[in-house]
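> A single structure is presented below for examination.
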Amino acid sequence: MNNNDYVIRNIKLADQGHRRILWAQSFMPTLKLIAEEFEKSKALKGLKIGTCLHVTKETANLIIALIRAGAEVFLAGSNPLSTQDDVAAALVKYYGAKVFAWRGETDEEYKEMIRRVIEHSPDIIIDDGGDLIVMLHEEYPEIAQNVLGGSEETTTGVVREKALEKKGKLLFPIIATNNAKIKRMVDNKFGTGQSAIDGILRATSILLAGKTVVVAGYGFVGKGIACRARGLGAKVIVTEVDPIKALEAHYDGFQVVPMDKAAAVGDIFITATGNIDVIRKEHILKMKNGAILCNAGHFNVEINLGDLEELSVKKEKINYCVEKYHLRNGRHVYLLGAGRLVNLVCAEGHPSEVMNISFSLQALVAKYIAENHMELEKRVYDVPIEVEKSVAKYTLKALGIRIDELTPRQREYLESWK
């Protein structure tokens, strides 16, 4: 369904999407509190916010908070296969968001929908993966020069935006929401840790207990996946290129080996590095018959899909999320979610409680940019500590958790050492 304000699958799905949005809202108390304050203060009144995010019921609650703050919001999907079409419809019908996304976009359609957001000349950007910010710089520099600032949700996006900064090409300040301690702890580790496993189980219905799971990368995402897989009874192997992370994985009790060795023994392979060609031709050739491959990184580049196609004589679709590749050596392997984010393509992404934290950060970062953009230089910043602490305090309040406070004597003691 297409007009100037939205391009979505079907507006008739709105009622179903609205119910799901309200369900997620009941598990997002921090964002709800912030949205209520936003509505009173109209902190973003008159601003246009351009977003490129996974269009899910959780994302919808961020968009609603921004609208309640007085902003006009434009939303494109940050992955061609992650949009929940009923949620997109509900955002259009019930909240007046300008949504340009549907599940199953081609690569060109995906890019065109991001262009639709850009062409509305947003004042603030909220991105997930950097596609919106990079396209702004490469194709629309005249619009980018007028952007007050942006925020970035993912490790991959932060890397891309820091590359722009390093080259001296960054046209507006970026706040790396991904780098916040609270975001990495809750979203990357606990969120992806659970939702990646959820995606695998929904797609395959396999038993994880007794399987050998190979996790490529031991950043926050890899740590979460490895921990959850072990909790379900899997034998977990970690592959790494960073010696410090590899040592941490070893002391956390995981076997650490190169991918070349892990390839021959793994039953399930999960990439979580943010880099290309983590699993490639020489690894695929060594894999067991029936090995399962999937990716938990932002882009579908970690498993070399060109190599997989080249090594195959036939490809067979098993279900909505599983493809069987018949290899020339007589074996077969399974690919989940076309090599894209397994938690969003094969499941519904992070639990609402997790995105409660991340999207509360995004909401407060947008407010921070609106209030402080004149003082910000054209570079990538970490989230201001006062913003991060605000989210933690809001969340503790929403959960009914109280914590201690320093006594005057304790404060004096700590400050005496400075």
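The values are calculated or read from the model by the stated rules, or taken from the named source; none is laboratory data. None of the values given here were measured: they were computed from a predicted structure. As a convention, Cβ positions derive from the backbone with ideal geometry for all residues, glycine included, and neighbour counts pool all protein chains shown.
> For P80, only one of the following conditions fails: (1) over 20 Å from V365 (Cβ atoms); (2) touching a residue at least 24 places away in the same chain (Cβ under 8 Å); (3) in a helix (DSSP H, G or I). What is its number?
(3)
> Additional query: In region 305-317, is there at least one residue being small (G, A, S) and either over 27 Å from the mean Cα position of the chain (by Cα) or buried (at least 24 other Cβ atoms within 10 Å of the Cβ) (or both)? Spell out the reasoning first.
First, pick out the residues of region 305-317 that are small (G, A, S): 306, 312.
Cutting the leftovers down to either over 27 Å from the mean Cα position of the chain (by Cα) or buried (at least 24 other Cβ atoms within 10 Å of the Cβ) (or both) gives us 312.
Yes, because at least one residue in region 305-317 is small (G, A, S) and either over 27 Å from the mean Cα position of the chain (by Cα) or buried (at least 24 other Cβ atoms within 10 Å of the Cβ) (or both).
> Could you please find all residues in region 275-312 being in contact with a Leu (Cβ under 7 Å, 6 or more places away or on another chain) and of a type in the set (D, E, K, R)?
Result: K281, single match.
> Something else: Among the residues in region 400-412, are any over 30 Å from E240 (Cα atoms) and touching a Ser or Thr at 6+ places or on another chain (Cβ under 9 Å)? So that I can check it myself, show each step before the final result.
First, the residues of region 400-412 that are over 30 Å from E240 (Cα atoms): 400-412.
If we keep only those that are touching a Ser or Thr at 6+ places or on another chain (Cβ under 9 Å) as well, we get 401.
Yes, some residue in region 400-412 is over 30 Å from E240 (Cα atoms) and touching a Ser or Thr at 6+ places or on another chain (Cβ under 9 Å).
> While we're on this one: If you go through region 265-277 one residue at a time, do you hit one that is touching a Lys or Arg at 6+ places or on another chain (Cβ under 8 Å), aromatic (F, W, Y) and in contact (Cβ under 8 Å) with a residue 24 or more places away in the chain?
We begin by selecting, within region 265-277, every residue touching a Lys or Arg at 6+ places or on another chain (Cβ under 8 Å); these are 265-268.
Still in the list and also aromatic (F, W, Y): none.
No, region 265-277 contains no residue that is touching a Lys or Arg at 6+ places or on another chain (Cβ under 8 Å), aromatic (F, W, Y) and in contact (Cβ under 8 Å) with a residue 24 or more places away in the chain.
> How about region 15-34: which of its residues are surrounded by fewer than 22 Cβ atoms within 10 Å (Cβ to Cβ) and assigned to a helix (DSSP H, G or I)?
So the first thing to find is which residues in region 15-34 are surrounded by fewer than 22 Cβ atoms within 10 Å (Cβ to Cβ), and the list is 15-16, 18-20, 22-23, 25-27, 29, 32-33.
Result: D15, Q16, H18, R19, R20, L22, W23, Q25, P29, K32, L33.
> Let me ask another. Please give the strands (runs of 3 or more DSSP E) falling wholly within region 161-279 in which 1 or more residues are in contact with a Ser or Thr (Cβ under 8 Å, 6 or more places away or on another chain) and under 30 Å from H373 (Cα atoms).
Where strands (runs of 3 or more DSSP E) fall fully within region 161-279 and carry at least 1 residues being in contact with a Ser or Thr (Cβ under 8 Å, 6 or more places away or on another chain) and under 30 Å from H373 (Cα atoms), they are 174-176.
> In this structure, is H326 in contact with a His (Cβ under 6 Å, 6 or more places away or on another chain) and buried (at least 16 other Cβ atoms within 10 Å of the Cβ)?
Details: in contact with a His (Cβ under 6 Å, 6 or more places away or on another chain): yes; buried (at least 16 other Cβ atoms within 10 Å of the Cβ): no.
Considered against the rule, which asks whether it is in contact with a His (Cβ under 6 Å, 6 or more places away or on another chain) and buried (at least 16 other Cβ atoms within 10 Å of the Cβ), H326 comes out as no.
Each row is one residue, and each column tells you yes or no for (1) in contact with an Asp or Glu (Cβ under 8 Å, 6 or more places away or on another chain); (2) within 17 Å of G224 (Cβ to Cβ); (3) surrounded by fewer than 19 Cβ atoms within 10 Å (Cβ to Cβ).
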residue: F172; (1), (2), (3): no, no, no
residue: A176; (1), (2), (3): yes, no, no
residue: K181; (1), (2), (3): yes, yes, yes
residue: K189; (1), (2), (3): no, yes, no
residue: T192; (1), (2), (3): no, yes, no
residue: S195; (1), (2), (3): yes, yes, no
residue: L201; (1), (2), (3): no, yes, yes
residue: S205; (1), (2), (3): no, no, yes
residue: L208; (1), (2), (3): no, yes, no
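> Can you find a residue in region 118-125 that is surrounded by 22 or more Cβ atoms within 10 Å (Cβ to Cβ) and among the polar types (S, T, N, Q)?
Checking region 118-125: not a single residue is surrounded by 22 or more Cβ atoms within 10 Å (Cβ to Cβ) and among the polar types (S, T, N, Q).
> If you don't mind, another one. Hey, among V92, V87, V73, which residue is without any contact (Cβ under 8 Å) to a residue 40 or more places away in the chain and in the same structural domain as L171 (by TED's automatic domain parsing)? Let's see the steps before the verdict.
Values: V92 fails: without any contact (Cβ under 8 Å) to a residue 40 or more places away in the chain; V87 fails: without any contact (Cβ under 8 Å) to a residue 40 or more places away in the chain.
Exactly one residue qualifies, and that residue is V73.
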